[in-house]
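Beneath this line is the structure, given in structure tokens, with notes to follow.
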Amino acid sequence: MTLQISENNEQITGVLDGRLDTAACQQFSIDIEPLLDNADKHIILDCNKLSFISSSGLRLFLSLRKATIAKGGDITIVGVTPEVKQVFAITGFYSLFNFQ
């Protein structure tokens, strides 16, 4: 699992690649720190290459969402595969995020 982050004015983009399973979540929690630090901006999570997300991964998405709410930013998730989208839907997390 990799996360590439780029910043452009008031927007920050994180491109996820791989499987966000329980084993990858420990490193991912470190990797998202720049996103948490910039939670006052518009964050785009590009999930085109995200092939799997576990409940631990969902928890990290939720912590990022809470940080953006607290700091006045927002999150848009783009490029979600049908399999990953189904996980968000089944868990009830789909309504918590803006998907495009």
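The values are calculated or read from the model by the stated rules, or taken from the named source; none is laboratory data. This is a predicted model, so every value here is computed, not measured. Every residue, glycine among them, receives a Cβ derived from its backbone with ideal geometry; neighbour counts consider all protein chains shown. To get the accessible areas, we keep the full protein, side chains included, count just its heavy atoms, and leave off ligands, DNA and RNA. Shrake-Rupley method; radii C 1.70, N 1.55, O 1.52, S 1.80 Å.
The figures follow:
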{"read-out": "Under 11 Å, Cβ to Cβ, from residue 1 - net charge with Lys/Arg +1 and Asp/Glu -1", "value": "-1"}
{"read-out": "Gyration tensor (alpha-carbon) shape descriptor, the range 50-100, a/c threshold 1.5", "value": "prolate"}
{"read-out": "Leading residue at positive end of dipole, the chain (Cβ point charges), from 76, 95, 23", "value": "95"}
{"read-out": "Using θ = phi - 60° and Karplus 6.51 cos²θ - 1.76 cosθ + 1.60, couplings along the range 10-17 (whole Hz; Gly, Pro as x)", "value": "9, 10, 10, 10, x, 9, 9, 9"}
{"read-out": "Pair residue 9, residue 59: separation of 7 Å Cα→Cβ label points (nm)", "value": "3.8 nm"}
{"read-out": "Distance (nanometres) between label positions extended 7 Å along Cα→Cβ at residue 48 and residue 27", "value": "2.2 nm"}
{"read-out": "Å² of accessible area per residue within the range 2-41, as computed with a 1.4 Å probe and no ligands counted", "value": "57 Å²"}
{"read-out": "Convex hull volume of the chain per residue (C-alpha atoms, cubic angstrom)", "value": "81 Å³"}
{"read-out": "Accessible area of the chain belonging to carbon and sulfur atoms, whole % at 1.4 Å probe", "value": "49 percent"}
{"read-out": "For residue 87, net neighbour charge (Lys/Arg +1, Asp/Glu -1) across residues whose Cβ lies under 14 Å away", "value": "+1"}
{"read-out": "Highest average packing first - 28-41, 79-92, Cβ atoms within 10 Å", "value": "28-41, 79-92"}
{"read-out": "Rounded D (µm²/s) - the range 23-80, Kirkwood Rh over Cα pairs, Stokes-Einstein at 20 °C, 1.002 mPa s", "value": "184 µm²/s"}
